[in-house]
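First up is the structure itself, then whatever we jot down about it.
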Amino acid sequence: MDNSIKKITAKELLDSWINLGLVPQSEYTHLGNTIISQQQEKTLPLYLRMLISIGALISSLSFISFLYISKIVYLPSEKLLCGIILIGLALILRILSKEASTTIKHSIFIQTSFCSMIVGKIVFIIGFATAIGVPITQLESKPWEVTLGLLLITAITYNIYPLFIDRFLSTLSLFLLIYISISGEFYFETYKKTALHLFYFIQIIIAATLLLNKRIKSAYIPLAYAIVCSLCITTILLEPTAKVLNWNNYNTIFINAILTFSLIALIYWAAKDAQKLKSQPIIFASLSALLLGIISADGLIFSLCLMILGYGKQDRPLLLIGAVFIPIFIFFYYYNLDIKLITKSVILIGSGLILLVARGYLNIKKLDREA
Amino acid sequence: MNGAKRPNIDPLDSILGTREMVEDLFSRNLISAEAKQHALKSLYPNKNWGFWIARLLSAIGITLILTGIIYFFAFNWTKMSTLFKFSSIQITLFATFAASYYYGLQKLSGKIFLLSASILVGVFLAVFGQVYQTGADSYNLFLMWSLLILPLVIISRFTPLWVIWLSISNICLILFWNQTGSYDSPGEMMILSYLALFNGVFLILREYFSIKGINWLRNRWTRMILIIPILIYIFIPTYSFIMDPKEATYSVIVGVLFSAIIHTIFYIIYRYKLPDIWSVAITLFSICIILETIFYKEIFLKNNSIAYLLMGSLTLILFTLAVFLLQNITKKMKKTHG
């Protein structure tokens, strides 16, 4: 992917915007100064973000254990208050980290801030659930109350606490908790399957909106990645869940149909971007996608969707998730799906053949040449 | 210019445009969605869809067919005749070799077919062992597999095939250690040091050939897939030593010594000789995890509230120091190596 990145300076970008009338000339100074100050801000590289996250996660586990064992905060109201104070502290530390004059101060503030945010959120959620009548020992069996607490605190903090990893983890946990809550729900047993399918569909719609709408702000990128990861997990979990819930003859036709439609939609989205691909190849690609949808497994189609989206947006994490998801899905596919190995074998070989036929078509049409 | 004064041009000329920069300006409502799209198209102009999709379809298509073949054998094992078992594998093996020859090893398709052939060699050996009930230990299968495909791996110049070969060889060593019973209880963990050494040799080769200008080895991930397993292998005896030092056998102590030496070497090499901040970061992270294990043993397991508080605080301090150190190293590396 790196080969396709063109080196353009900030000045060249600004000039091209001005020349095309995309930015008024009067904004040049302001934009230029913003870019310069942007560079001076302490944007952390990925390895540092990972280190900070792991350190904060381990330390917050210890602090949670401390709070639980010491019983310093015992009543629900105390937990709620403690959670809010810790979240407030996290926000203050985050602001201080931006203004920190030295690297060591910056490291201390950012690490402590994230740790404080994790502990604060967990304490708040427990406080919220216990305040609405769930005993602390029964939190596991009452996931809706916990989900509601997480939804509330995530909605409040998402826009005011701009740490990527916090946004990502909070929203991913939220979507997974919703899945757990629906599959563990006793009150609407008959509609559970419909509810899970609807939940899957809603996730696809939100992911598509966040990833394809050009007007979405970068603040929502962590949410988009969280939904993509949640979809990966949900795609793998739907089969075992069906087994656990004793749904006889469960099949994934609905999920397959959603994903096939998504794949076809993505082919058209990509075609807009590619001048080479004219109508005949697009029709062929759509038919291949349809055929793949009829015979293939949902995880494979989902993976293809992610990789096409990742390449189209030049989004490396999406490409990586799509590529890594294939072997993971194949592994679970072997054990989970309640169909014979011979059927699985035919599905895999058939899917592979369709892809190779499509590849052959590109070759015949000379569309597979490097530019 | 409408009277607007342009800022100092020099800094803007020296700043490279990035996706993050454009996204940030858009988030602050300073540019429109159209300006953002235009910038992204200028930054990533060469979306070569046909070429990329052709590669994707080849890679996934062949992966699925190979997996399907393995599932097929797993299902029909008892029902298949010996003749069918051998002939089907051999025909497929021949077909993949022929396809690889047809496409040539300069093309990705040729390399993928060679990789498929290498996997089918393993399937063939497994079937051979099952049909003739050779009674040989399974490490023999991996040893033969590893030796037979080594020439293919060397000529392929294809990193994924090297990764598969290394995985097969690692499994072979582990199985050999377990199945030959050539270890006694005190020496049980020596295998981890041997595995670290084995992978270390390939890491040295990787660095040597990379310096010599072998392009296909230059991707950072080819270094990472060797460094990470080495650090994991040497962590196991270190963990064992920390948790129960009184019961430490000679193999554990050797592992701990290896751990100290390897961490030091990695730090020095990737900090000064072959500067790579990711490798330094992983080495420091590994050291943090070892220190965390000590905290866990000495503090967390005391199982009281003060111990938990202390453990949390020490973890924060430790990781903050690591982040601080890495930030400083990054700055220095940028100054000295650009």
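On the basis of being over 30 Å from B:Ile214 (Cα atoms), at pLDDT below 90 and in contact with an Asp or Glu (Cβ under 6 Å, 6 or more places away or on another chain), does B:Gln133 make the cut?
Working: over 30 Å from B:Ile214 (Cα atoms): yes; at pLDDT below 90: yes; in contact with an Asp or Glu (Cβ under 6 Å, 6 or more places away or on another chain): no.
Judged against the criteria, B:Gln133 is not a match.
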### Task
Give the residue, chosen from A:Thr137, A:Thr103, A:Thr157, that is out of contact with any His (no Cβ under 9 Å at 6 or more places or on another chain), under 29 Å from A:Leu245 (Cβ atoms) and among the hydroxyl-bearing types (Ser, Thr, Tyr).
A:Thr137
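Could you please give the count of residues in the stretch A:15-26 that are facing another protein chain (nearest Cβ under 7 Å) and either among the aliphatic types (A, V, I, L, M) or closer than 11 Å to B:Ser32 by Cβ (or both)? Working first, answer last.
Taking the stretch A:15-26 as the starting set, the residues that turn out to be facing another protein chain (nearest Cβ under 7 Å) are A:16-17, A:20, A:22-23, A:25-26.
If we keep only those that are either among the aliphatic types (A, V, I, L, M) or closer than 11 Å to B:Ser32 by Cβ (or both) as well, we get A:17, A:20, A:22-23.
Residues meeting the conditions: 4.
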### Query
Inside the stretch B:50-107, can you point out the residues that are of a type in the set (Gly, Ala, Ser) and either touching a residue at least 40 places away in the same chain (Cβ under 8 Å) or crowded, with 18+ Cβ neighbours inside 10 Å (or both)?
B:Gly50, B:Ala54, B:Ser58, B:Ala59, B:Gly61, B:Gly68, B:Ser100
### Query
Could you say which residue among A:Leu198, A:Leu148, A:Leu152 is part of a helix (DSSP H, G or I) and closer than 30 Å to A:Gly310 by Cα?
A:Leu198
### Message
Please determine whether any residue of the stretch B:266-273 is closer than 30 Å to B:Ser138 by Cβ and in a helix (DSSP H, G or I).
### Response
no
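So for the stretch A:117-131 (the condition being over 24 Å from A:Ser70 (Cβ atoms) and not basic (Lys, Arg)), does at least one residue qualify? Lay out the reasoning, then the answer.
So in the stretch A:117-131, the residues over 24 Å from A:Ser70 (Cβ atoms) come out as none.
No: zero hits.
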### Message
Taking the condition of being among the charged types (D, E, K, R) and outside any helix (DSSP H, G or I), how many residues in the stretch B:161-218 meet it?
### Response
4
### Query
In the stretch A:70-105, which residues are closer than 20 Å to A:Pro135 by Cα, without any contact (Cβ under 8 Å) to a residue 40 or more places away in the chain and part of a loop (DSSP other than H, G, I, E, B)?
A:Lys71, A:Ile72, A:Tyr74, A:Leu75
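Residue-wise test of (1) touching a Pro at 6+ places or on another chain (Cβ under 7 Å); (2) assigned to a loop (DSSP other than H, G, I, E, B); (3) under 20 Å from B:Ser169 (Cα atoms).
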| residue | (1), (2), (3) |
| --- | --- |
| B:Tyr101 | no, no, no |
| B:Gln106 | no, yes, no |
| B:Ser109 | no, no, no |
| B:Ile119 | no, no, yes |
| B:Gly122 | no, no, yes |
| B:Val131 | no, no, no |
| B:Asn140 | no, no, yes |
| B:Leu147 | no, no, yes |
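For the stretch B:313-338, name all the residues that are touching a residue at least 24 places away in the same chain (Cβ under 8 Å) and either touching a His at 6+ places or on another chain (Cβ under 9 Å) or at the interface with chain A (Cβ under 8 Å from one of its Cβ atoms) (or both).
Residues satisfying the conditions are B:Leu318, B:Phe319, B:Ala322, B:Leu326, B:Thr330.
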### Query
Among the residues of the stretch B:142-164, is any over 23 Å from the mean Cα position of the chain (by Cα) and touching a residue at least 40 places away in the same chain (Cβ under 8 Å)?
no
### Message
List pairs: first residue in the stretch B:301-312 and within 7 Å of chain A (Cβ to nearest Cβ), second residue of a type in the set (Val, Ile, Thr) anywhere in the structure, Cβ distance under 6 angstrom, at least six positions apart or on different chains.
### Response
B:Ser305/A:Ile69; B:Met311/B:Ile299
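Step by step: first the residues of the stretch A:61-80, then only those that are within 7 Å of another protein chain (Cβ to nearest Cβ) and within 32 Å of the chain's Cα centre (by Cα), then the one that is nearest to A:Phe109 (Cα to Cα). Which residue is that? So that I can check it myself, show each step before the final result.
The first filter runs over the stretch A:61-80 and keeps only residues within 7 Å of another protein chain (Cβ to nearest Cβ), leaving A:62-63, A:65-66, A:69-70.
Now restrict to residues that are within 32 Å of the chain's Cα centre (by Cα): A:62-63, A:65-66.
Details: A:Ser62: 19, A:Phe63: 17, A:Ser65: 22, A:Phe66: 21 Å.
In this case the residue turns out to be A:Phe63.
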### Task
Considering only the stretch B:18-52, state which residues are assigned to a helix (DSSP H, G or I), at the interface with another protein chain (Cβ under 7 Å from one of its Cβ atoms), of a type outside the set (Phe, Trp, Tyr) and under 32 Å from the mean Cα position of the chain (by Cα).
B:Met21, B:Glu23, B:Leu43, B:Gly50
### Query
What residue, of A:Ile108, A:Ile118, is under 29 Å from the mean Cα position of the chain (by Cα), without any contact (Cβ under 8 Å) to a residue 12 or more places away in the chain and within 14 Å of chain B (Cβ to nearest Cβ)?
A:Ile108
### Message
Need the failing condition index for B:Ile70 against (1) facing chain A (nearest Cβ under 7 Å); (2) in a helix (DSSP H, G or I), just the number.
### Response
(1)
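The values are calculated or read from the model by the stated rules, or taken from the named source; none is laboratory data. Remember, it's a predicted structure, so these values are computed and weren't measured experimentally. Positions of Cβ are generated from backbone atoms using ideal geometry, with glycine treated the same way; all protein chains shown enter the neighbour counts.
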